[in-house]
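One structure is given here, and the rest of the page talks about it.
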Amino acid sequence: MILTADEATFYSLSPLPERILPIARKNRYPPYGLRKIEAITNSIILPPSKIRKPDILGIYVNDPLALTQPSLAIKEAFGENPRFYYSFQKFSAKIRELKSRFKFKVIVGGPGAWELVEKKEDWIDTIVVGEAENVIHKAIAEDGIIIGTPAEKFYPIKAPSAMAEVEVMRGNRKIPREVILSEMKIQSIQGKVNLISPYLFSYGDEEEIISLLKMSSKFGKVFFNQISLKGISKVDLRQVSRILNLNEKNYRTPVLSKEPGVCNVKIEGDEIKELNNNFIYPMIFIPSDSISSLEGYKALVIPLPNERDEYYEALYKSWNISRKIIKNRIIISLVDKIILKNKETKGEFLRKLNVRSPIFLLQLFSLLLKS
């Protein structure tokens, strides 16, 4: 079996539209999800440009139809879908054309597979929704929609993946320490490890969390993808900060959620203040009418669009909070002007902004002069 993904997903490209970031840095390694299937099936991972005539093609999808809340926010701000939406459409056309010439089976899985269940593409034979470990061989043998079941065994990856990710929890289940340790050794070639879990500070009791972080720190800088409001009180954040050597220049920005699967939160209490005191400046997806609740904190604020509020106003309010954690004064000044211009034009500036256009150079020069 050959494993791949569309170009934007395979190389972990920025979701911003190409007209905003025409030159995107490609990740050296494929996505973690592909590495996991590779470990289970002994398959071969190839970039999409090298797919020719497979017998079985396994495709990893993250957000192929851009239906997640972050994707909806990008669409509202820029007037078009994220880069990976168009990347998947282009990839779909390629696989459809290959299947018109050759006979082979296509299996689709990954965190975004659910998006394709109702709008199943005619070139897809099998969709795996949920965990693949127990059903991957069934997916190879059968067509249709296959619902995964909770894994009974976890397989360590055999080679590095994008973002140096290491899964430490899946749902409420802890990944065995020997699997975590094996993957950390492999990912450490990147000088870091990124702990993947629904909510890291609920990994266990405080002793277990601290033990995990101490072990992780032996393999480079330690990042973590997500924390929850419920878990913050379970751990001494001062210890976390000391172990990871956090400071104003070496801070962390994990997504803050209310609970697993729910990225938008409403802030109550002093949880953000406690995080900030220990150099954790969370990324917060928040309803646009609640942005004011974050004033005075340090966080990356992503407003969620709704029908009541103008999104360009929400972006302006959010940026005035997010800018506090950025140290580069030139970047701050330039983005200040861009976001203000976008507000003045009621959102049209970002919807029309194209850095590949000669007009952009004039716009940039004008904004810098004003800075």
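Here are the numbers for the structure shown:
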item	result
Cut-off 14 Å between beta-carbons: net charge of the residues surrounding E131, Lys and Arg +1, Asp and Glu -1	+2
Global geometry of segment 219-348, whether rounded, prolate or oblate, following the gyration tensor of its Cα atoms and the 1.5 cut on a/c	oblate
Overall Cα dimensions of segment 293-332 - principal axes, largest extent first, Å	34, 20, 11
The chain: C-alpha gyration tensor shape, a/c 1.5 cut-off, then a/b vs b/c	oblate
In Å², nearest 10: area of S100 left accessible to a 1.4 Å probe	90 Å²
Förster-model FRET efficiency, 51 Å R0, R329 and R52, C-beta, rounded to 0.05	0.55
Area of T68 that stays accessible when all protein chains are in place (1.4 Å probe, Å², to 10)	40 Å²
Above-threshold pairs, the threshold being 21 Å between Cα atoms, out of K221/K324; K258/K346; K174/K234; K221/K317; K75/K341; K158/K192	K221/K324; K258/K346; K221/K317
For segment 149-304: relative contact order, % (alpha-carbon pairs under 8 angstrom, 6 or more apart)	17 percent
Long-range HN-HN contacts of S228 with modeled amide H, under 5 Å	L200, F201, S257
Gyration tensor (alpha-carbon) shape descriptor, segment 141-269, a/c threshold 1.5	oblate
Segment E274-D309, length gained on full extension (0.36 nm per residue, minus Cα span)	9.6 nm
Cα point-scatterer Debye curve for segment 109-198, base-10 log of I(q)/I(0) at q = 0.20, 0.26 Å⁻¹	-0.99, -1.22
Ranking by accessible area, most exposed first, for S49, S293, S322 with a 1.4 Å probe	S49, S293, S322
C-alpha center-to-center spacing [segment 168-219, segment 103-152] in angstrom	28 Å
Cα-projected label distance for L340 with R25, points at 7 Å along beta-carbon direction, nm	2.9 nm
Rounded accessible area of D289 (nearest 10 Å², 1.4 Å probe)	80 Å²
Segment 1-53, accessible surface, carbon-and-sulfur percent (1.4 angstrom probe)	52 percent
Cβ-based net charge around V193, under 10 Å, with every Lys or Arg adding one and every Asp or Glu removing one	+2
Amide hydrogen neighbours beyond the local backbone of M283, cut-off 5 Å, H modeled	V255, L256, L300
Net length gained if the chain between K158 and D289 were fully extended (0.36 nm per residue, minus Cα distance)	42.6 nm
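The values are calculated or read from the model by the stated rules, or taken from the named source; none is laboratory data. This is a predicted model, so every value here is computed, not measured. Don't worry about glycine lacking a Cβ; one is built from the backbone with ideal geometry, like all the others, and counts go over all protein chains shown. Surface accessibility is based on the protein's heavy atoms, side chains included, excluding ligands, DNA and RNA. Shrake-Rupley method; radii C 1.70, N 1.55, O 1.52, S 1.80 Å.
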